[in-house]
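*Asks:* Let me give you the structure first, and then I'll get to my questions.
The values are calculated or read from the model by the stated rules, or taken from the named source; none is laboratory data. These numbers come from a predicted model, not from an experiment. Here Cβ is always computed from backbone atoms with ideal geometry, including for glycine, and neighbour counts include all displayed protein chains.
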Amino acid sequence: MKTNSNRSFYLIPYVVWMLLFVVAPIVLVGYFSLFDLHGNFSFVNYQNFFTSVYLKLTLSSFWYALIITGFTLLIAYPTAYWLTKTKHKQLWLLLIIIPSWINLLLKTYAFIGIFGVFGPINKFLELFGIGKQQILYTDFSFIFVSVYIFIPFMILPIFNSLDKMNPTLIDAARDLGSSTWNTFTKVIFPLTINGVKSGIQAVFIPSLSLFMITRLIAGNKVITLGTAIEQQFLVTQNWGMGSTIAVFLILFMVIIMILTGQKDKGELVNGHNK
Amino acid sequence: MKDIIQAVVAILVVSLVLFIINFQLDKTSGRSGNDSISVYNWGEYIDPESIKQFEKETGITVIYETFDSNEAMMTKIENGGTSYDVAMPSEYAIEKMKKNDLLIPIDHSKIPNLTNIDPYFLDLPFDPGNKYSIPYFWGTVGIAFNPSLLDGQTFESWEDLWDPSLKQEVILVDGAREVMGMGLNTLGYSLNTKDEGQLQEATDKLKTLSPNIKAIIGDEIVETMRRGESAVALVWSGQAADIMYVNEDIDYAVPKEGSNLWFDNMIIPKTAANVEGAHQFINFMLDPKIAAQNADYVGYSTPNEQAIKLMDPKVTGDERFYPTEEMRERLEVYKNLGVETLGKYNELFLEFKMDAQ
């Protein structure tokens, strides 16, 4: 009995935290989304969301998030794999993690200089006779900077699952005559799929609501759901519409969480049934 | 466990020492912290030197914060949080704040320097009798351009921005009213229109500008234009003055179809904690010497008659920045459109931004 009440006592901070900072905001967002500009109860915001502007916005948000996640994965997986093979794993890992401690805005500002018309990249291009290119304020620069910022978040989970994988399984696959490609697709990748899924969650969901980078690097020519929410709250002062977009953003997050959810049942970890 | 406790103690000791040093420094520099006002202003919109002078003269510490749109400023004041004592919104925002009962009336007996202001800028329709607001700066919206990057184009008309030779060269300021206003002005409509047909027409017109648009950004425009990274930008007059201060190649023009004439005034929000200090600050900013020095630094046009006398006549005689009354006739002042129409403007602006590729 005593241990039981003790346990629920320790739960209090957690429950209070969840109620105040997770449940309450979501309820408030849902509540605000049900009021129009004049504070009357209505579903007009939801109707509005399904007009062409917001649907197009959602689609383009998804499209950019998809591209960003794709490139991040493409770079992060081989990097993580290579990391597990190096001698000083922890040191290399630290070098990759350190940039993520620096404020996101600072890194973004740095890229304004790097990509500028008179920046180092253009100097380099001129050296090779290619001539000055407009790099800043293009889709390319937006995707490049976003990928750069998200890479550590993709590498970490993949590295962890690759590191936990039992290397003898690869030897076993080889011994049984599997080719390198087959070993990868049939053994290594399936065993690290959980790391990939957490990586995708950590990149795709924030990509949907990126907003400072859209202005500083993409010159507002890329609009994400995050930008639209910020605009509705700060500029239009239409809290209802802002909340409605937020409700959909939360919905998309839940869907993605379910799609990339971890199915632990019956899975093999290091060859043992968990 | 012992290690953790030691680490925590070490951090606490270091913080305490830093706190004491900070406190001592504040004391020696005369910042007692008892008497302070918080000023909420646009970015790059005051001479830091004048704040220092104010602190020295009155002993009031100034806590200075900036915003980048009237709407963001209003949202923050409406929701409380920080109790700002003085803010500098534009005329249509003042109209709205007045309506929402967010302002404290200004006691004119405490602002003797008000007599320095040109009567043209007093008693304007958005605040009759200047009951709630005192003029700070005024200016226009127009086009800043770099002739050395262009082949002889001028910008007498908004239509000139549509010139095919300006592909990927035009930067716009990230403001719904400025950009939509430009579209409306190009077609000869009022930039305060509530007519949905006209607004749609303006949006369609703006969409044809897409190939020429390089970016839609905020204060970064100034740096970009200074470095000569872009040839043309839609800006506020003071931003143009800021750019020209560093890069003399740049020119500024207000197109003939008309544009926006705006006034930024100082107000005291309802949330003010130090109303007395706020009055002192407003009066101080109207001092001819301070106003002249401030206008020199900021680059916008001052409404202060006495200050103009102290300034370089080359600056105050420049009709690009101090348009004559006759020229001002062509320009329009923003009206408070109400949430519904403002929402429409923003939605169409969003549509336009999504179309810009």
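*Asks:* When you look at B:Met266, is it modelled with pLDDT of 95 or more, aliphatic (A, V, I, L, M) and surrounded by 16 or more Cβ atoms within 10 Å (Cβ to Cβ), yes or no?
*Replies:* yes
*Asks:* Sticking with this structure for a sec: Mind telling me which of the residues A:Met241, A:Met165, A:Met154 ends up being within 14 Å of chain B (Cβ to nearest Cβ) and of a type in the set (A, V, I, L, M)?
*Replies:* A:Met241
*Asks:* Tell me whether region B:290-307 contains one or more residues that are at negative phi and surrounded by fewer than 16 Cβ atoms within 10 Å (Cβ to Cβ).
*Replies:* Within region B:290-307, not a single residue is at negative phi and surrounded by fewer than 16 Cβ atoms within 10 Å (Cβ to Cβ).
*Asks:* When you scan region B:276-293, do you find a residue that is under 30 Å from B:Ser157 (Cβ atoms) and touching a helix residue (DSSP H, G or I) at 6+ places or on another chain (Cβ under 7 Å), even just one?
*Replies:* Looking through region B:276-293, none of the residues is under 30 Å from B:Ser157 (Cβ atoms) and touching a helix residue (DSSP H, G or I) at 6+ places or on another chain (Cβ under 7 Å).
*Asks:* Across region B:308-327, which residue is farthest from the chain's Cα centre (by Cα) among those that are surrounded by 14 or more Cβ atoms within 10 Å (Cβ to Cβ) and in a helix (DSSP H, G or I)?
*Replies:* So, considering only residues that are surrounded by 14 or more Cβ atoms within 10 Å (Cβ to Cβ) and in a helix (DSSP H, G or I), the one farthest from the chain's Cα centre (by Cα) is B:Leu310.
*Asks:* Among the candidates A:Gly226, A:Gly195, A:Gly219, A:Gly199, single out the residue that is within 11 Å of chain B (Cβ to nearest Cβ) and at pLDDT 85 or above.
*Replies:* Result: A:Gly219 is the single residue among A:Gly226, A:Gly195, A:Gly219, A:Gly199 that is within 11 Å of chain B (Cβ to nearest Cβ) and at pLDDT 85 or above.
*Asks:* Give the residues of region B:207-219 that are surrounded by fewer than 21 Cβ atoms within 10 Å (Cβ to Cβ), within 11 Å of chain A (Cβ to nearest Cβ) and farther than 20 Å from B:Ser90 by Cα, sorted by residue number.
*Replies:* Result: B:Ser210, single match.
*Asks:* Against the condition in a helix (DSSP H, G or I) and within 14 Å of chain B (Cβ to nearest Cβ), how does A:Phe111 come out, does it pass?
*Replies:* yes
*Asks:* Further, regarding this structure: Quick one: count up the residues across region B:220-247 that are within 11 Å of chain A (Cβ to nearest Cβ) and either in contact with a Ser or Thr (Cβ under 7 Å, 6 or more places away or on another chain) or closer than 26 Å to B:Tyr136 by Cβ (or both).
*Replies:* Matching residues across region B:220-247 total 5.
*Asks:* Check whether at least one residue in region A:182-194 is among the aromatic types (Phe, Trp, Tyr) and in contact (Cβ under 8 Å) with a residue 40 or more places away in the chain, and report yes or no.
*Replies:* Within region A:182-194, none of the residues are among the aromatic types (Phe, Trp, Tyr) and in contact (Cβ under 8 Å) with a residue 40 or more places away in the chain.
Rundown of residues vs (1) β-branched (Val, Ile, Thr); (2) within 17 Å of A:Leu249 (Cα to Cα), yes/no style:
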site	(1), (2)
A:Gly199	no, no
A:Ile205	yes, yes
A:Ile217	yes, no
A:Lys221	no, no
A:Thr224	yes, yes
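*Asks:* Counting only residues that are within 13 Å of another protein chain (Cβ to nearest Cβ), part of a loop (DSSP other than H, G, I, E, B) and over 21 Å from the mean Cα position of the chain (by Cα), which one in region B:153-206 is surrounded by the most Cβ atoms within 10 Å (Cβ to Cβ)?
*Replies:* This residue is B:Glu169.
*Asks:* Within region B:49-81, which residues are touching a residue at least 60 places away in the same chain (Cβ under 8 Å) and either exposed (fewer than 15 other Cβ atoms within 10 Å of the Cβ) or within 14 Å of chain A (Cβ to nearest Cβ) (or both)?
*Replies:* B:Glu49, B:Glu57, B:Asp68, B:Ser69, B:Ile77, B:Gly80
*Asks:* Also, I was wondering about something else. Could you tell me whether A:Leu106 is away from every other protein chain (no Cβ under 13 Å), under 26 Å from B:Glu347 (Cα atoms) and not polar (S, T, N, Q)?
*Replies:* No, not satisfied.
*Asks:* Which residue out of B:Asn336, B:Asn346 is within 14 Å of another protein chain (Cβ to nearest Cβ) and under 30 Å from A:Asp139 (Cβ atoms)?
*Replies:* It is B:Asn346.
*Asks:* Of the conditions (1) assigned to a helix (DSSP H, G or I); (2) at pLDDT below 80, A:Met257 fails just one. Which one is it?
*Replies:* Among (1) assigned to a helix (DSSP H, G or I); (2) at pLDDT below 80, the lone unmet condition for A:Met257 is (2).
*Asks:* Moving to a separate point now. Can you tell me which residue is surrounded by the most Cβ atoms within 10 Å (Cβ to Cβ) among those in region A:131-147 that are assigned to a loop (DSSP other than H, G, I, E, B) and of a type in the set (A, V, I, L, M, F, W, C)?
*Replies:* A:Leu136
*Asks:* How many residues does region A:128-151 contain that are at pLDDT below 90 and away from every other protein chain (no Cβ under 14 Å)?
*Replies:* Matching residues across region A:128-151 total 4.
*Asks:* Give just the number: which of (1) closer than 30 Å to B:Asn185 by Cα; (2) buried (at least 20 other Cβ atoms within 10 Å of the Cβ) does B:Ile282 not satisfy?
*Replies:* Result: B:Ile282 passes all but (1).
*Asks:* Please work out if B:Ile221 is β-branched (Val, Ile, Thr) and in a helix (DSSP H, G or I).
*Replies:* When the stated conditions are applied, B:Ile221 passes them.
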